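Here's the structure, in structure tokens; my notes come after.
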Amino acid sequence: MLKVERVTKVYGEQEASYLALEDIAIDIADGEFLCLLGPSGCGKTTLLNILAGFESVTRGRVTLDGRDIRGPGQDRVMFFQDAGSALFPWLTVEENVVFGLKLRGTPVRERGAIIDRYLAMVELDTHRGKFPTQLSGGMRQRLQIARALAIEPQILLMDEPFAALDALTRRRMHSFLVDIWQQTQKTIVFVTHDISESILLADRIAIMGVGPGSRFEDVIRVDLPRPRDPGDPAFGEIYRRIERQLALEESKLGDGV
Amino acid sequence: MTTTSTAGRGTGRPGPRVSPSRGLVERLRPLLMVLASVGVFVLLWQFLSTFVLNPYMIPPPTAVAAAFVPMAETGEIFKHVTVSLVRVVIGFVLGSALAIVVGVVMGRMRVVYELLDPIIEFLRYLSPTAMIPIAVIWFGIGENSKYFLIFWGTFFFVLINTVAGVMRTPVARQRAAQCLGASEFQIFIFVVIPSAVPYIVTGMRVAMASSFMSIIPAEMLAADSGLGYLLQTAGMLVQTDRIFVALATISLLGFITDRLFRLLVDRTLSRYMAFVAAN
Ligand SMILES: Nc1ncnc2c1ncn2[C@@H]1O[C@H](COP(=O)(O)OP(=O)(O)OP(=O)(O)O)[C@@H](O)[C@H]1O
Ligand SMILES: [Mg+2]
């Protein structure tokens, strides 16, 4: 269980300070798929960085299975939107995956099977000798996924990983991710500002308000069976509910509050 | 720099393929164009020097070639080339090595950067030429003063590029490595330094070109051998043909060295030279 208890995050000092998050609280169950949804600049990346251990909290606590998160760890892996800069361009597809295994101290004779398994899972097993520059955007994202899964983290933290992909590739990546999630039972925290994407993927959607002092305005449970169909009336209903909530946030922005 | 991929041997990357259906002419086109360019230039030069300009001021290519032959026969020109080349290579290697070491530390450790940057910003405006008099006083007229001057010229180019390369290592890449379990030191060695390689190599190429420029005044003012010395003595005796031989040799030497450097980089570092564009 990943517990976020009344987390407040202030960037900077005194006059130059900015209250990014205020009193954020949520319990994320093991194996849960949570989406963070909200307008640009509301603090989604900030919260994800806190969960990853890249940023510290100003007040409050974040615990994983009762232990405080103090820094990055191999139990949580972050996915970056820009896979091109997150990958190691001087290493081949296979070597990118090996990188984490080496650090983890996985014995050489066990590495082969792990690499085969995860590269097959993301359908990159026929491209193992290629360099990241020679992959398409979607392939790079899949490589990022394989590299992370290979070290068997408990939690995947994903910051708009598919935002830059075309609609078709994105749809393929969604079914990939859901398949992998169902196979491996990881906990996933997925940041997006695309309402449909969040309904397609999540068990729960946490909607964040505009900053400063952004908090969760609403947390919506999505109980639709998977694979989900955007044409489903229930899907549309949830969509409109979220849209109303976000429109409310927009209007707050307009009022300059 | 927008290099995307450099075809590398032994790295499993496919090189650029020329389809066999393309004609021989099409394939040889780049070479033919270079030959045409040089040919036209030489012919024009010959014509102008012979019929329009004063052939004594600008000796025609035939006169330059005639001056070159005895210099090659006695080995005089090759002696000067070797001397200059050795000076450049030694100064360049020393300068690059120290600059890379200092550069990675500066790029990574803020205090070191803050302490050294003002001094470097100040010193880098002193060209090697400006340093000649003091170099001669410090190191004498022998080889050491030349090594020092080339070192001086190389150091700042490579240093500034190395620092930039280290600092521009994407945060996402470092954080990704951290998630995969890398320690601060491992990130430095296995992520930051490889990410800085393209910048370092670029700095070295610029430094190499500048080394060939700074060795000449150094040898003109304070040496008894080398291409700069050859240039200087030919100038004092007003031997324009020998001056032109020296000038052509300097150009050719710089050009060949740059190509060799690029070939070496391609052979050994090609996998580090790729920049990954955002998605
Ligand atoms: N290092 C920082 N220093 C100061 N302020 C910051 C810093 N990082 C983020 N902020 C501020 O915190 C707020 C939230 O930023 P954050 O990047 O978390 O937004 P986001 O929800 O991820 O937005 P987007 O959807 O555009 O990615 C913004 O107002 C931003 O200016
Ligand atoms: Mg963000």
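Mean 1/r over all different Cα pairs, inverted: what Kirkwood radius does region B:60-175 give, in Å?
For region B:60-175, the Kirkwood estimate is 16.8 Å.
Can you bin region A:87-152 into rounded, prolate or oblate? Criterion: square roots of the alpha carbon gyration tensor eigenvalues sorted a ≥ b ≥ c, rounded for a/c under 1.5, prolate for a/b above b/c, oblate for the rest.
In terms of gyration-tensor shape, prolate.
Whole-Hz ³J(HN,Hα) for each residue in region A:79-88, computed from phi via Karplus 6.51 cos²θ - 1.76 cosθ + 1.60 with θ = phi - 60°, x for glycine and proline: what do you get?
With the stated coefficients, region A:79-88 comes to 10, 9, 4, 8, 4, x, 8, 7, 7, 9 Hz.
How long is chain B along each principal axis, judged by its Cα atoms, biggest number first, in Å?
Taking the Cα atoms of chain B, the three principal extents are 72, 64, 31 Å.
Kindly identify residues of region B:157-173 having a loss of at least 30 Å² in accessible area between the isolated chain and the assembly of all protein chains, probe radius 1.4 Å.
The answer is B:172, B:173 - residues whose exposure falls by at least 30 Å² when every protein chain is included.
Restricting everything to alpha-carbon atoms, can you work out Rg to Rh for the protein assembly as shown with a Kirkwood hydrodynamic radius? Mind dumping the intermediate values first?
Numbers: Rg = 31.2 Å, Rh = 27.9 Å.
Ratio value, two decimals: 1.12.
Give, in nm to one decimal, the length gained when the segment between residue B:44 and residue B:69 is fully stretched (0.36 nm per residue of separation minus the Cα-Cα distance).
Between residue B:44 and residue B:69, full extension yields an extra 6.8 nm.
Can you work out ³J(HN,Hα) from phi for every residue in region B:75-83, in order, using Karplus 6.51 cos²θ - 1.76 cosθ + 1.60 and θ = phi - 60°, giving whole Hz and x for Gly and Pro?
Rounded to whole hertz, the list is x, 4, 5, 5, 4, 5, 4, 4, 4.
In square angstrom, rounded to the nearest 10, how much accessible surface does residue B:69 have for a 1.4 Å probe?
70
On the first, second and third principal axes, largest extent first, how far apart are the outermost C-alpha atoms of chain A in Å?
Principal axes ranked by extent give 58, 46, 33 Å for the Cα atoms.
Say the cut-off is 26 Å between C-alpha atoms; which of A:44/A:252; A:3/A:102; A:3/A:186; A:3/A:44; A:9/A:252 go over it?
The pairs that break the limit, which is 26 Å between Cα atoms, are A:3/A:102.
For a quick check: with amide H placed at 1.01 Å from N, whose amide H comes under 5 Å from residue A:218's, ignoring anything fewer than 5 positions away on the same chain?
A:207
For residue B:131, what accessible surface area do you get with a 1.4 Å probe? Give it in Å², rounded to 10.
20
With each run of n ≥ 4 DSSP H residues scored as -39500 (n - 2.57), what mean residue ellipticity at 222 nm is computed for the protein assembly as shown after dividing by its residue count and rounding to the nearest 500 deg cm²/dmol?
Mean residue ellipticity at 222 nm (helix-derived): -18500 deg cm²/dmol.
With every protein chain in place, what's the accessible area of residue B:85 (1.4 Å probe, Å², nearest 10)?
Approximately 60 Å² for this residue.
Using a 1.4 Å probe on the heavy atoms of the protein chains only, list every residue of region A:72-92 that has 40 Å² or more less accessible area in the complete assembly than in its chain alone.
A:72, A:80, A:85, A:88, A:89, A:90
In degrees from 0 to 90, rounded to the nearest 10, what is the angle of the helix A:93-104 Cα long axis to the longest principal axis of chain A?
So the inclination is approximately 80 degrees.
With a cut-off of 18 Å, note down the residues of region B:248-263 whose backbone N falls inside the zone around a label point 7 Å from the Cα of residue B:82 toward its beta carbon.
B:250, B:253
For residue B:79, go through the lysines and keep the ones whose alpha-carbon is under 26 Å away, minus same-chain ones fewer than eight residues off.
By straight Cα distance, residue B:79 reaches B:146.
Determine the share of region B:131-261's accessible area contributed by carbon and sulfur atoms, expressed in whole percent, with a 1.4 angstrom probe. Walk me through the intermediate numbers first.
Values: 3880 of 5460 Å².
Solvent-exposed carbon and sulfur of region B:131-261 make up 71 percent of the total.
What net charge is computed for the residues neighbouring residue A:5, neighbours being all others with C-beta under 12 Å from the C-beta of residue A:5, Lys and Arg scored +1, Asp and Glu -1?
Values: positive: A:3, A:6, A:59, A:61; negative: A:23, A:27, A:68.
That works out to +1.
Would you tell me the mean number of C-beta atoms belonging to other protein chains that fall within 10 Å of each C-beta in B:180-186, as a whole number?
Details: counts 16, 12, 5, 1, 0, 0, 3.
Average neighbour count from other chains, rounded to a whole number: 5.
Between residue A:169 and residue A:61, what is the label-point separation in nm under the 7 Å Cα-to-beta-carbon projection?
It works out to 4.3 nm between the two label points.
Indicate the residues belonging to region A:96-131 that lose 10 Å² or more of solvent-accessible heavy-atom surface (probe 1.4 Å) upon moving from the chain alone to the assembly of all protein chains, ignoring ligands and nucleic acids.
A:99, A:100, A:103, A:129, A:131
What are the residues whose amide H is under 5 Å from the amide H of residue A:78, where those residues sit 5 or more places off or on another chain and H is modelled from the backbone?
Residues meeting the criterion, in which the H sits 1.01 Å from N, are A:157.
Could you state the angle between the C-alpha long axis of helix A:167-184 and the longest principal axis of the C-alpha atoms of chain A, as a value from 0 to 90 degrees rounded to the nearest 10?
Rounded to the nearest ten degrees, it is 80.
In region A:134-243, if every C-alpha pair distance is counted and binned at 10 Å from zero, what percent goes to each bin?
Result returned by the calculation: 12, 43, 34, 10, 0.
Step through the residues of region B:235-250 one at a time and calculate ³J(HN,Hα) from phi using the Karplus curve (6.51 cos²θ - 1.76 cosθ + 1.60, θ = phi - 60°), rounding each to whole Hz and writing x for Gly and Pro.
Using θ = phi - 60°, the values come out as x, 5, 8, 6, 9, 4, 5, 5, 4, 5, 4, 4, 4, 5, 5, 4 Hz.
The values are calculated or read from the model by the stated rules, or taken from the named source; none is laboratory data. Predicted, not measured: the structure shown is a model, and the values here were computed from it. For neighbour counting, all protein chains shown are included, and Cβ atoms are generated from backbone atoms with ideal geometry for every residue, glycine included. Note: accessible area is taken over every heavy atom of the protein model, side chains too, but ligands, DNA and RNA are not part of it. Shrake-Rupley method; radii C 1.70, N 1.55, O 1.52, S 1.80 Å.
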